[in-house]
Amino acid sequence: MDSEFPKPNVKDLQSDVIELLKDIGALMSRASCALTSDPMGQKYGEFQKDVNQAIQNVTKLELRMAVVAPMKAGKSTITNAVVGQDILPSRNAAMTTLPTEIVLNSQLTKPILTLSPEILSVFKETFSTLQQIIQELGSERMQKKIDQYPHLMELSQNIAAGNWEILITPKISGRDNIVKTLTGLNDIVRLCSLINPNSDPLRKLVDVPCIETPFWRSKNSENSEQLGNLVIIDTPGPNEAGENLKLRGVVEKELSKSSIVLIVLDFTQLKTDAAEKVKKDVQKVINLRRKENLYVLINKVDQRRDGDMTPEQVRQFVAAELSIGSEEDKDRVFEIAARRAFVAASFIQELEQNADLEPIKMQTSRALAQEVYGIDWEEDLEDATIEALSKKAQRLWKKSGFDPFLEQAIKALVDRAAPRCMDSALTLIKNHLVTLGDEMSLRKNAIPQKRQKLQREVEALESDLQSLENCRSRLQQVDTTKVQLNQRLQEILEELKKVARVSLENYFEQQEFERGNPLEKISMVVKTVGQNFLKTLLQIEPFSNRLPPQIKSGVEFKSQKEEFEFETEDQAEQFANLATAYARERADTLLAGGRQEINDEVDKARTGLTQFLEKETTPIIERACERLKEAFNVNLSLPKLSLDDDGVKLVEPRVKASTREIDQGYEQKTIKKRSFRHWLWLIPYDETIRVKKPVKKENYYIVSLKDQIIEINRSIEAGIDAMNQDINKYLDEDFKDWFDQYFDKLEDYLGNYKDTLKQAQADQNLNLEKQEKLKEDLESLLGEAKKYIEKVDESLDRTNQLKF
């Protein structure tokens with residue numbers, strides 16, 4: 001029964017593995033010292049270094065936790081609460097556009113922000129591009145473009161003037177400087193999305209900013225010591241980045257590297273916002289990380305009022321709408337009040353650092369008083385003592401719900417990170433122990449043998465090595481596989497090139513597509529793109545759906561049109577930007593699908609070739625092992641094909657300003673006239689005449705997609721050509737390198753046996769006393785190696801029980 005074999009405790013197993021590795025390290029040290037006079041001693045010294053590194057890896061588990069949320073759900077406040085200070089910038093408008101890594105480091109006294117050379121280069125280039133664009137647009141048009149984000153106006157003015165005061169240096173120290181820098185970087189990203197999506201730095205970034213910071217530990221938390229290994233990834237939410245920013249690239253990379261992902265929902269918005277919108281946002285995250293890796297935080301529950309959803313109703317809602325939080329995984333949904341947690345944590349941290357401060361002089365006392373004293377907080381703060389405020393802060397922390405959340409989150413991180421880390425360390429060290437045991441056994445048994453017998457075994461191993469070399473030279477399967485794989489990959493590239501090419505129909509064919517029934521839609525897409533890229537193309541939102549109503553109503557959806565006319569320059573530019581963003585996303589998505597299909601084909605070829613080589617070489621190895629009464633197992637792996645993803649570089653469609661004359665026709669006009677016949681010119685009279693109106697001049701703005709389409713297709717072909725170059729390089733270099741490495745491993749194995757036997761021949765030249773001492777050392781090392789191999793196997797079994 002399961003109850004008879006309880007699941008191992010992660011902490012206990014981690015402690016046991018560390019002790020075991022320390023013992024094995026001592027064994028390798030003894031082997032190195034005992035055999036210091038021959039070449040084998042140096043090898044075991046290198047083994048000892050590997051063991052020491054494995055101990056460090058298991059001791060300091062890196063626990064990566066990504067936090068994502070719909071806009072303003074309190075994501076940054078949650079991170080600030082864990083740290084105990086507002087290290088991440090926040091404001092009422094959407095703030096986070098740039099993923100940020102926060103590493104908790106108990107050795108620091110103040111936070112440090114690190115920007116890699118790649119980040120510095122990308123943002124300096126972006127700044128120069130924005131400066132030129134802002135200067136061309138002028139202040140009035142800039143105001144219209146960023147009217148929803150008034151805080152960006154000052155930034156745009158500073159950029160235009162070249163007065164960018166953000167600290168762009170590799171290392172930035174101190175909370176205020178860090179917040180200022182991150183605020184500026186995030187605002188730059190958002191400004192790009194509004195005025196020039198093509199210069200979006202997120203598309204170019206590989207690294208993310210990294211903050212190392214001291215942190216506050218709750219004395220009530222059993223797992224608080226594990227916080228020292230915690231890495232939090234603050235990411236832009238699926239709907240937080242704006243219409244021209246997408247949850248892609250660097251964000252997807254950070255999510256995929258995290259052991260768990262926290263999804264933060266706003267309790268006050270569940271009924272109105274979450275049913276469809278949040279469900280769609282969460283699905284984007286589930287597509288990147290499996291559902292079992294997700295945890296849900298319902299924030300702002302301190303705003304619950306009578307008649308609102310109860311905790312049980314919230315759980316039912318999450319289970320029904322997001323398919324998370326059902327009975328079997330109910331421990332993955334938490335209700336928290338992040339604001340309360342942050343206020344409490346920051347006050348307690350300041351108090352620990354400045355125990356002698358008066359309450360009124362503490363920077364965090366006002367925020368705490370506002371939370372705990374209500375309407376009379378100012379008066380109550382004047383009368384409050386440090387003891388009273390400290391008790392209130394502890395109580396506020398408890399009511400925030402943060403302790404249960406952190407306990408479960410850190411436990412989940414340890415549960416996921418520890419098995420992988422320990423399995424990797426134990427597997428490597430077991431291989432070293434097997435090598436040590438094999439060589440000790442062979443050497444010990446070889447010393448008493450007759451010289452002629454040892455020489456025959458050495459010559460037999462040399463013959464085996466020659467057989468491997470002959471096998472290496474005659475195998476043609478590698479070349480055959482390369483030819484077949486290259487042929488298949490070229491077929492994929494040709495199909496991709498046809499599908500990815502853009503035409504005017506791609507922009508507007510969705511109008512008919514949306515009106516078709518499901519069968520007609522599928523038929524239409526398959527006819528256009530073929531079966532392979534059907535799923536990929538259906539993921540792309542139609543261009544017409546992206547247009548705001550005021551622009552959409554003025555656009556005629558006719559594929560024959562190459563130019564589009566608008567009344568204002570702003571409308572024309574907005575249409576041009578949206579057209580560029582659509583073309584870029586369509587091309588990038590299709591190219592990503594092509595890369596995936598290519599990788600799938602390479603995986604198939606890799607598996608087939610590995611099986612073939614095993615079949616050809618195993619008899620040679622088995623023959624040698626049988627003769628030496630040893631066993632050997634080779635782990636086969638080909639290098640994975642890596643295709644660069646530089647995205648599609650596009651130019652924006654040009655907006656052409658034109659003026660036309662409009663004939664306004666004629667009008668009736670009354671004029672005064674005099675006539676001899678009418679009172680002898682003395683009295684004027686009225687006469688109506690027909691007068692041509694003046695020609696009216698009207699400004700209008702034209703966007704032409706023709707030039708852009710040519711540029712898009714050039715860029716797409718360049719991207720596909722780059723993929724083709726990667727494929728050729730992989731087939732020409734990596735396949736051959738793998739082939740050589742595989743045989744090198746086998747030859748090293750047999751060569752080690754040959755060297756061991758040769759060393760035994762040299763050992764026979766020692767006097768009897770030294771021979772006996774050497775045999776005792778070899779016997780002792782062999783016995784310990786066997787003992788520790790059994791212990792490693794037991795630990796691996798325990799580790800496997802923890803894997804998800």
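The values are calculated or read from the model by the stated rules, or taken from the named source; none is laboratory data. The model shown is predicted, which means the values in this text are computed figures rather than measured ones. Every residue, glycine as well, gets a Cβ built from its backbone with ideal geometry; the counts of neighbours run over all protein chains shown.
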Problem set entry | Residue that is modelled with the lowest pLDDT [pool: residues in region 322-333 that are under 22 Å from F402 (Cβ atoms) and among the acidic types (D, E)] | D329
For this session: Within region 127-142, count every residue that is modelled with pLDDT of 80 or more and either buried (at least 21 other Cβ atoms within 10 Å of the Cβ) or of a type in the set (G, A, S) (or both).
Result: 5
Exercise. Within the set of pairs 6 or more residues apart or between chains, which connect a residue that is closer than 16 Å to D176 by Cβ inside region 83-98 to a residue that is surrounded by 20 or more Cβ atoms within 10 Å (Cβ to Cβ) and modelled with pLDDT under 70 with Cβ atoms less than 7 Å apart?
Worked result: P89/M95
For this session: Pull up region 100-111, narrow it to residues that are hydroxyl-bearing (S, T, Y) and either farther than 20 Å from T181 by Cβ or buried (at least 23 other Cβ atoms within 10 Å of the Cβ) (or both), then point me to the one that is modelled with the lowest pLDDT.
Result: S106
For this session: Residues being polar (S, T, N, Q) and without any contact (Cβ under 8 Å) to a residue 24 or more places away in the chain: count how many of those fall in region 425-478.
Result: 8
Problem set entry | Complete set of residues in region 756-769 that are in contact (Cβ under 8 Å) with a residue 12 or more places away in the chain and surrounded by fewer than 18 Cβ atoms within 10 Å (Cβ to Cβ) | K758, Q761, A762, Q764
For this session: Would you mention how many residues in region 357-415 are in a helix (DSSP H, G or I) and on the phi > 0 side of the Ramachandran plot?
Result: 1
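Rundown of residues vs (1) under 30 Å from D415 (Cα atoms); (2) assigned by the TED database to the domain that holds K72; (3) modelled with pLDDT of 85 or more, yes/no style:
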{"position": "L297", "(1), (2), (3)": "yes, yes, yes"}
{"position": "V301", "(1), (2), (3)": "yes, yes, yes"}
{"position": "R304", "(1), (2), (3)": "no, yes, yes"}
{"position": "D308", "(1), (2), (3)": "no, yes, yes"}
{"position": "A320", "(1), (2), (3)": "yes, yes, no"}
{"position": "L351", "(1), (2), (3)": "no, no, yes"}
{"position": "S365", "(1), (2), (3)": "no, no, yes"}
{"position": "E387", "(1), (2), (3)": "no, no, yes"}
{"position": "S390", "(1), (2), (3)": "no, no, yes"}
Exercise. Taking the condition outside any helix (DSSP H, G or I), in the same structural domain as K257 (by the TED database), buried (at least 20 other Cβ atoms within 10 Å of the Cβ) and hydrophobic (A, V, I, L, M, F, W, C), does V67 pass?
Worked result: yes
Exercise. S258 is checked against (1) closer than 30 Å to A579 by Cβ; (2) at pLDDT below 80; (3) crowded, with 18+ Cβ neighbours inside 10 Å and fails just one. What number does that condition carry?
Worked result: (1)
Exercise. Which of the following residues is loosely packed, with under 13 Cβ neighbours inside 10 Å and modelled with pLDDT of 75 or more: E601, E661, E622, E573?
Worked result: E622
For this session: Can you confirm whether region 151-160 contains a residue that is within 29 Å of A572 (Cβ to Cβ), in contact (Cβ under 8 Å) with a residue 40 or more places away in the chain and out of contact with any Ser or Thr (no Cβ under 8 Å at 6 or more places or on another chain)?
Result: yes
For this session: Go over the candidates S139, S116, S106, S121 one by one and state the one that is among the hydroxyl-bearing types (S, T, Y) and in contact with a Gly (Cβ under 8 Å, 6 or more places away or on another chain).
Result: S106
For this session: Please state which one of R305, R315, R339, R332 is closer than 24 Å to K75 by Cβ and exposed (fewer than 14 other Cβ atoms within 10 Å of the Cβ).
Result: R305
For this session: Tell me, please, whether a residue that is in contact with an Asp or Glu (Cβ under 6 Å, 6 or more places away or on another chain) and not in a loop (DSSP other than H, G, I, E, B) can be found in region 127-142.
Result: no
Exercise. Going by the structure shown, is T97 more than 26 Å from S400 (Cα to Cα) and surrounded by 13 or more Cβ atoms within 10 Å (Cβ to Cβ)?
Worked result: yes
Problem set entry | Enumeration of residues in region 108-124 that are in contact (Cβ under 8 Å) with a residue 12 or more places away in the chain and in a helix (DSSP H, G or I) | P117, E118, I119, L120, V122, F123, K124
Seminar exercise, completed: Considering region 175-203, residues that are in a helix (DSSP H, G or I) and among the polar types (S, T, N, Q), and then whichever is nearest to E125 (Cα to Cα), we arrive at S199
Problem set entry | Filtered residue count, region 401-456, keeping only those that are among the basic types (K, R) and more than 21 Å from K775 (Cβ to Cβ) | 5
